[in-house]
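Just so you know, all these numbers are worked out from the coordinates, no wet-lab data involved. What you see is a predicted model; the values in this text were computed from it and never measured. Here Cβ is always computed from backbone atoms with ideal geometry, including for glycine, and neighbour counts include all displayed protein chains.
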Amino acid sequence: MITAGIDIGSITAKAAILSDGRILGSKVAFTGYNAREAGRSVYEALLRELEMDAPTIERIVSTGYGRNSVVFADKAVTEIICHGAGAYYLNPHVRTVIDVGGQDSKVLAVNPDGTVKDFAMNDKCAAGTGRFLEVMARAMESDLDDFGPLSLKSHNPSKISSICTVFAESEVISLIAKGENREDIIAGIHESVASRISSMARRVGVQEPVMMTGGVARNIGVVRALERALGVSIEVSRFAQVNGAIGAAVIAAKI
Amino acid sequence: MTETDTDKKSRKMQSVGRMKEIMTGYYIDAKTAGQTGRKVAWITSGGPVEPLIAMDIIPVYPENYGAMIGASKMGADLCARAEAMGYSSDLCSYARADIASSLIDGGPIGGLPRPDMLVCCNNICGTVLKWYEVQARYYDAPLFILDTPFCHTEYTDEAKKYVRRQIMEYIAFLEEATKKKFDYDRMKEVGRISIEGQRLWQAVLDTAINRPSPMTCFDAFFHLALIVTLRGTPVTVDYYRSLLAEMEQRVADGISAIPNEKYRLLWDNLPIWYRMRWLSEKFAAHDACLVADTYTTAWCMSLRYMDENNFLDSMAEGYTKSYLNIGVDEMIKIVLEMVDKYDVDGFVMHSNRSCKPYSLGQYDIQRAVQRERGIPSVTIESHMVDERSFSESQTETRIDAFMEMIGQKKG
Ligand code: SF4
């Protein structure tokens, strides 16, 4: 069976197509202003890339905060269930999934059969999310993609104590003004994100193997900081960013 | 399943109209007390109201008023006004909304009637102390504070003596404020009626044990008003008796509160007053009926301590051991009892930034429920009255995911 999953996040829209449990392809695009349009265009772009026609796709599940705006999907399922299903697809032994996306972060406890046992989400606050990192990258006048490698060079991460994104931003600005080392500040930012997420993870209970998904999983600095904070090793699949879409496509095959 | 108009009609509760009538009459009485020569006392929701009723004083509840403010979506505006007066946005939104509405003499029903006295019992929180002091100063009215020691595990002899002595001081305070002698026979009668009202309220809530349940907690939030405000009066007893009959009839006729009850849930904490409808429709769309809640149960939880033959003593104990004045371990016991009694599949916790004593300890309770009964739970972060702190899409995702999780588990 050929299925598609479409994940509309606050910053990026993702699509994945699976055929009998095999990933045929996936794609990421910016969500932009119009979530409805974003879903359609990322999906169509992926179809074109795979040289497939829409009618060959037997079923579509949408997910993410814009899940209800994908009008051509057969069903909308929350990103929590989809990330669980996606991570289970990538590694059937996984017991904990840490998903950090643009506007929220969540931790899922996964049952041995891939269903979700429990979850926690950040409260309505950007702390510990991709948005937090974006704001910090702007304050640092850096490219977010450089954050990970740069932070690994730090030996003495700066201390950023405020949880609030706006206050943390001014803390960062004053650290820059004080002349603190750039790598150290970035490492400090990652530790702040990690400490926020790790307390949420402890609430759910961390069981290994642990997998990190979502766009922020591409940032090696955050992954390492989280490993230190939780005292576990964390696996990151190359499909981390499209994990929600993959999970949606997996679920689509079951409905 | 789509619902026909007849279905909807048969689901509608008949008693709603009667309740509105009684509450309107009650507020008219309270607002015209100045002309009829009766006295008005402001009292906290967990305060012992029975002595007021025995003295023919009209009790008025700023917290009930806070709920009205929330339900009529005036909360954000009033809270913002209180913040402009200098109150912190972290302060309970009932307190903020009430203080602001006093100042502008506005809000639903044009504001509350002036108090001739205030009665504050700290068995629910510490916020009420300062809130009532502020209002007592503003209205220049006498304030009685009933201090109920926190019962981590037990109601000690010292606590018993301490509270009992204050009940006598409370009575003396009322005698002074009304220039009337306290009538102990009348008190006994009011006590009996209060206990009867609470028993009936418990019986109404217990009709939700039935499958499908004839009512949801959203119904309970509405029908709660009388047991809060007019506890100890005959009208309350009559009302709950007829409400109970209506619920029993619904059970007999197989009328369910929601069209298709598949899952049963337990709610914790105060309602989100300005989102009741949205929430109830959201859960109903998932075929989930919130059959019970810890909040409305709080007004009959003390029944286990109440004794109509020794009302004042038992009242002292009952009010001291209110749900928000006991340790988390005790709360866990109550929640687990409710999980079993109403046979629920999940636990919905409103983490309420307004009400700290209610929200503190929720994670421990959640963990215990998960450990002991293995049912999933979800946390919704909000404020009961201040709609500025409600995020629809965040709440929606949590509820949807929670219901999907229960669906995965139960099928
Ligand atoms: S803090 Fe809670 S218990 Fe206290 S007045 Fe506010 S809502 Fe009521």
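Rounded to the nearest 0.05, what FRET efficiency do A:H155 and A:I176 give with R0 = 22 Å and r taken as the Cβ-Cβ distance? Could you check? Don't skip to the end; give the middle numbers.
Values: r = 19 Å, r/R0 = 0.84.
Calculated value: 0.75.
So what's the Cα pair-distance distribution over chain B, bin width 20 Å, in %?
Final binned percentages: 27, 60, 13, 0.
Residues of A:109-121, mean number of Cβ from any other protein chain within 10 Å of their own Cβ, rounded to a whole number? Don't skip to the answer; put the middle values down first.
Values: counts 1, 0, 3, 0, 1, 1, 5, 7, 6, 8, 7, 5, 7.
Per-residue shielding by partner chains comes out at 4.
So for chain B, averaging the separation of alpha carbon pairs under 8 Å that are six or more residues apart and normalising by length, what relative contact order in percent results? Mind showing how you got there, number by number?
On the way: 652 pairs, mean separation 77.7, N = 411.
Relative contact order, chain B: 19 percent.
Name the trypsin sites (Lys or Arg not before Pro) in segment A:217-246 that are in a loop by DSSP and that have at most 11 other C-beta atoms within 10 Å, would you? Mind dumping the intermediate values first?
Working: sites: A:R218, A:R224, A:R228, A:R238; in loops: A:R238.
Loop-located and lightly packed - A:R238.
How compact and how long is chain A, expressed as Rg and Dmax of its alpha-carbon atoms in Å?
Cα-based Rg and Dmax for chain A come out at 18.2, 59 Å.
Listing B:E281, B:E246, A:E227 from the residue with the fewest other Cβ atoms within 10 Å to the one with the most, what is the order? It would help to have the intermediate numbers written out before the result.
On the way: B:E281 11, B:E246 20, A:E227 16.
Starting with the residue having the fewest Cβ neighbours, the order is B:E281, A:E227, B:E246.
Classify segment B:290-377: rounded, prolate or oblate, from the alpha-carbon gyration tensor (a ≥ b ≥ c, eigenvalue square roots; a/c under 1.5 rounded; otherwise prolate if a/b is larger than b/c)? Could you put the intermediate results ahead of the total?
Values: a/c = 2.30, a/b = 1.69, b/c = 1.35.
Verdict is prolate for segment B:290-377.
For the pair B:D238/B:Y162, report the inter-label distance in nm, with labels modelled 7 Å from Cα in the Cβ direction.
Placing both labels 7 Å beyond Cα along the Cβ direction yields 4.2 nm.
Quick check on the exposure proxy: order B:R304, A:R131 from fewest to most C-beta atoms within 10 angstrom.
Values: B:R304 10, A:R131 19.
Fewest to most other Cβ atoms nearby, the residues stand as B:R304, A:R131.
Report the FRET efficiency, 1/(1 + (r/R0)^6), for A:D20 and A:D146, where r is their Cβ-Cβ distance and R0 is 25 Å, rounded to 0.05. Don't skip to the end; give the middle numbers.
Numbers: r = 39 Å, r/R0 = 1.57.
Here the calculated transfer efficiency is 0.05.
Any chance you could count the Lys pairs in segment B:186-410 whose alpha carbons are under 24 Å apart, treating pairs 8 or more apart or on different chains as valid?
The number of close lysine pairs in segment B:186-410 is 14.
Could you work out the relative contact order of segment A:1-55? I mean the mean sequence separation of Cα pairs under 8 Å and 6+ apart, divided by the number of residues, in percent.
Working: 93 pairs, mean separation 16.3, N = 55.
In percent, rounded to a whole number, it is 30.
Neighbour counts of other C-beta atoms within 10 Å: give me A:E141, A:E180 arranged from fewest to most. Don't skip to the end; give the middle numbers.
Details: A:E141 8, A:E180 15.
Listed from fewest to most nearby Cβ atoms, that is A:E141, A:E180.
Can you give me the long-range amide H partners of B:E381? Hydrogens built in the peptide plane at 1.01 Å from N, cutoff under 5 Å, separation of 5 or more residues or another chain.
Those lying under 5 Å, H to H, from B:E381 are B:S351.
Between A:I163 and B:K8, what is the FRET efficiency for a Förster distance of 35 Å, r being their Cβ-Cβ separation, to the nearest 0.05? Don't jump to the answer; show the numbers that get you there.
Values: r = 46 Å, r/R0 = 1.30.
Calculated transfer efficiency: 0.15.
In deg cm²/dmol and to the nearest 500, what is the mean residue ellipticity at 222 nm of chain B if only DSSP H runs of at least 4 residues count, each as -39500 (n - 2.57), divided by the residue total? Don't jump to the answer; show the numbers that get you there.
Values: 20 runs with 229 residues, N = 411.
Taken over chain B, the calculation gives -17000 deg cm²/dmol.
Helix B:234-253: angle to the longest alpha-carbon principal axis of chain B, degrees 0 to 90, nearest 10?
10
Within a 10 angstrom radius of each residue's Cβ in B:394-400, how many Cβ atoms of other chains show up on average? Whole number is fine.
Details: counts 7, 1, 4, 10, 6, 1, 8.
Whole-number average of other-chain Cβ neighbours for B:394-400 is 5.
List nothing, just return the count: lysine pairs in segment A:93-236, 8 or more apart or interchain, with Cα separation under 22 Å.
Working: A:K106/A:K117; A:K106/A:K124; A:K153/A:K178; A:K159/A:K178.
Within segment A:93-236, the lysine pair count is 4.
Go through segment A:163-201 and name the trypsin sites (Lys or Arg not before Pro) that are in a DSSP coil and have 16 or fewer other Cβ atoms within 10 Å of their Cβ. Before the final figure, lay out each step's value.
Working: sites: A:K178, A:R182, A:R196; in loops: A:K178.
Passing sites in segment A:163-201 are A:K178.
Classify segment B:186-410: rounded, prolate or oblate, from the alpha-carbon gyration tensor (a ≥ b ≥ c, eigenvalue square roots; a/c under 1.5 rounded; otherwise prolate if a/b is larger than b/c)? Show your work: numbers first, answer last.
On the way: a/c = 1.78, a/b = 1.40, b/c = 1.26.
In terms of gyration-tensor shape, prolate.
On a 0 to 90° scale, report how tilted helix A:220-230 is relative to the longest principal axis of chain A, with both axes built from alpha carbons and the result rounded to the nearest 10.
Taking Cα atoms only, the helix is inclined about 80 degrees.
Can you show me the helix-derived [θ] at 222 nm for chain A, built from DSSP H runs with n ≥ 4 at -39,500 (n - 2.57) apiece and divided by the number of residues, rounded to the nearest 500.
On the way: 8 runs with 103 residues, N = 255.
Only helices count here, giving -13000 deg cm²/dmol.
With the calculation restricted to Cα positions, what are the radius of gyration and Dmax of segment A:93-236 in angstrom?
Spelled out, the Cα radius of gyration and Dmax of segment A:93-236 are 14.8, 52 Å.
Against the longest alpha carbon principal axis of chain A, how many degrees, from 0 to 90 and to the nearest 10, is the axis of helix A:165-177 turned?
Its long axis makes an angle of about 50 degrees.
Pick from B:R367, B:R96, B:R353: which is most flexible by mean-square fluctuation in a GNM of chain B where alpha carbon atoms under 10 Å apart are linked?
Sorting by GNM fluctuation, first place goes to B:R367.
Just order A:143-151, A:94-102, B:16-24, A:36-44 by mean Cβ neighbour count inside 10 Å, highest at the front, would you?
On the way: A:143-151: 17.0, A:94-102: 26.0, B:16-24: 14.1, A:36-44: 19.8.
Ranking the peptides A:143-151, A:94-102, B:16-24, A:36-44 by packing returns A:94-102, A:36-44, A:143-151, B:16-24.
If you take each beta carbon of peptide A:74-81 and count the beta carbons of other chains within 10 angstrom, what is the mean?
On the way: counts 0, 0, 1, 3, 10, 3, 7, 6.
That works out to 4 on average.
Which three extents, in whole angstrom, do the alpha-carbon atoms of the protein assembly as shown cover along their principal axes, largest first?
88, 66, 44
Which value, in debye to the nearest 20, describes the size of the charge dipole of segment B:186-410 about its Cα centre when Lys and Arg Cβ atoms bear +1, Asp and Glu Cβ atoms bear -1, and nothing else is charged? Don't jump to the answer; show the numbers that get you there.
Numbers: 26 positive and 32 negative charges, 36 e Å.
Approximately 180 debye in magnitude.
Tell me the Kirkwood radius of segment B:172-223: reciprocal of the mean inverse pair distance over distinct alpha-carbon atoms, in Å.
Working: mean 1/r = 0.0726 Å⁻¹.
Hydrodynamic radius (Kirkwood, Cα only) of segment B:172-223 equals 13.8 Å.
For chain B, set up a Gaussian network in which alpha carbons nearer than 10 Å are linked by springs, and say which option among B:Q135, B:Q362, B:Q394 fluctuates the most.
The residue that fluctuates most here is B:Q394.
Let me make sure I get this right: for segment B:138-184, a, b and c are the square roots of the gyration tensor eigenvalues over alpha carbons, sorted descending. Under 1.5 in a/c it's rounded, otherwise prolate if a/b > b/c, else oblate. Which is it? Don't jump to the answer; show the numbers that get you there.
Working: a/c = 4.47, a/b = 1.73, b/c = 2.59.
Oblate shape, in that a/c is at least 1.5 and b/c is the bigger or equal ratio.
For segment A:93-236, what's the relative contact order in percent, using C-alpha pairs closer than 8 Å and at least 6 residues apart?
Details: 260 pairs, mean separation 45.2, N = 144.
That works out to 31 percent.
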